[in-house]
Each structure stands twice: as structure tokens, then as C-alpha cells.
Amino acid sequence: MIGRSVDGFTAGFPTELVGNGRTALVAYAMNGELLPARHGFPARLVVAGLYGYVSATKWLTDIELTRLDDVDGYWIPRGWSKDGPIKVASRIDVPRRGAALVAGPIAVAGMAWAPIRGVSAVEIQVDDGPWLPATLGTASSDETWVQWHAVWDAAPGRHELRVRAIDGDGRMQIESVAPPAPDGATGLHHRSVDVAPT
Ligand SMILES: Nc1nc2c(c(=O)[nH]1)N[C@H]1C(S)=C(S)[C@@H](COP(=O)(O)O)O[C@H]1N2
Ligand SMILES: [Mo]
């Protein structure tokens, strides 16, 4: 199935993914309002679990039912993979870079996502210490981001924080660093922070 747009963009994905229970829709509204222009007004495609480059055609003009082998979306001849399932990923949002931290309990928190498998666990690591479980918030579904947090009893000095997520199939986020092309970046988010003595 391929979506086409007024700007010449196209994105194709296996038709079998639609109608198997995952969210796959032509969206004309978001948050109870018409789609904002930059997100595809008047209509766009949304297919849960696929990167936007193979699915999320904005300013939609046509949807063509075809064969995956017969047609290439915009990014395919430009070095991107035809399959774009979203990889399990996570990030640290707080503490922010350069935050003024003082030794003692510090909240470490962020987001993780693995649509449509869901996130089963998130762990953080401080320097070369053990991986410690974070607490997950309530995700509205396995297709959405989930918030996580942990309390870190920080000692004074410079520290490196790292995060990793495990998806609903038990698969660990890939640690080795890879760029976005051809089929999605990998690597762990990390942040160094300075903690002042009390
Ligand atoms: N028409 C059109 N649709 C498009 C694109 C584009 O360049 N043109 N970019 C795609 C890519 S690569 C992504 S990641 C998503 C981004 O959607 P967003 O701006 O709503 O986050 O739109 C997709 N749909
Ligand atoms: Mo993208």
C-alpha cells in the first residue's frame, strides 16, 4: 500500500500490517482539532509501529493498493530500507544538561517506546555501575511512549547516566551505535552531569 502527497512524497508499507489490530488510519484531526498544516492538513496516514518515512504520508492525495515489490517510496532509492519497524528506544529527559545538581536523591526520568510491542522494562546505569530498574508510568497503549523514572542517590562529582529499554518481546535496546539510515538509529542515550557536594 502506498500513500502519495501533493509535495511528491510517497511512502509504502506491507498491506498485511493494516487490519491486524494495529492502529492504521487516515487522520484528519489531532487533540480534538483539525490537523495542523505542518502535520499534514487536511489528511495524513498514521500506521503504528512504523517509522514515518515508510508510513506517515502527510498532505495525502492518494492511497494506492499495490504490491510492495512493485513500487518504491520516496526514501527507498535514497538508501533507506523498505521495512521500517520502529526499534525499541529510550531517552533521558531529566536531569537536563547543565542542571545544578546537589548530592543526594535526584530524579532521573524520561521516555521509552517500542510500538507496537510495548516497553516491558527500562534500566539506568550510573558510570560503570550495575543496571538498575526504573519505574514505568502507565502507557495509554503498547503503541505509545511510556514515561519512566528512577531515584538516584548521587555522590558529588561528574557522572555519566545511561538508559536502555526492553520491549514487550523481551528484546533489549541495541547498544552499538548506528545512524538513522538505512532502517533506524541504534545506541544508548547518555548524559553526563556534575553533582556538587551538599
Ligand atoms: N508529504 C510528506 N509526508 C511526510 C514527509 C514528507 O516529507 N512529505 N516526511 C515523512 C517523515 S520522514 C516523517 S518522520 C513524518 C513526520 O511527521 P510529523 O511532522 O507529523 O512528525 O512525516 C512523513 N510524512
Ligand atoms: Mo522521518
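General remarks:
- Amide H contacts of Ser81: Asp183, each under 5 Å away and 5 or more positions distant or on a separate chain (H built 1.01 Å from N in the peptide plane; Pro and chain starts excluded).
- Whole-Hz couplings from phi, Karplus 6.51/-1.76/1.60, listed for the stretch 13-30; x for Gly and Pro: 8, x, 4, 5, 6, 8, x, 9, x, 7, 5, 8, 8, 8, 9, 10, 8, 8
- Backbone HN-Hα couplings from phi across the stretch 81-86 [Karplus 6.51/-1.76/1.60, Hz, Gly and Pro as x]: 6, 6, 9, x, x, 6
- Under a 5 Å amide H cut-off, with hydrogens placed 1.01 Å from N, Asp93 pairs with Ala109, Gly110, Met111 among residues at least 5 apart or on other chains.
- Positive-end extreme of charge dipole, the stretch 1-103 - chosen from Gly3, Ala29, Ala89 (charges on Cβ): Ala89
- A Cβ-based charge dipole, computed about the Cα centre of the chain with Lys and Arg at +1 and Asp and Glu at -1, lands at about 380 debye.
- Shown is the FRET efficiency for Val151 and Asp7, computed with R0 = 35 Å from the Cβ-Cβ distance and rounded to the nearest 0.05: 0.15.
- Nearest-20 debye value, the stretch 1-110 charge dipole, Cβ charges on Lys, Arg, Asp, Glu: 520 debye
- Taking amide H as placed 1.01 Å from N in the peptide plane, Leu50 has its amide H under 5 Å from the amide H of Ile86, each at least 5 places away in sequence or on another chain.
- Evaluating 6.51 cos²θ - 1.76 cosθ + 1.60 at θ = phi - 60° for every residue in the stretch 35-49, the Karplus couplings come out as 4, x, 3, 5, 9, x, 3, x, 7, 9, 9, 9, 10, 4, x Hz, glycine and proline recorded as x.
- Calculated on the Cα set of the stretch 58-198, radius of gyration then Dmax: 18.7, 65 Å.
- Put a dot 7 Å past the Cα of Phe41, heading toward its Cβ, do the same for Arg96, and the two dots end up 3.0 nm apart.
- Cα centroid separation, the stretch 80-125 to the stretch 129-196 (Å): 4 Å
- Charge sum, other residues only, whose C-beta stays under 12 Å from Gln125's C-beta, Lys/Arg counted +1 and Asp/Glu -1: -2
Here, each number is a calculation from the coordinates, and none is a lab measurement. None of these values were measured; they are calculated from a predicted model. In this analysis, Cβ positions are derived from the backbone assuming ideal geometry, glycine residues included, and neighbour counts consider all displayed protein chains.
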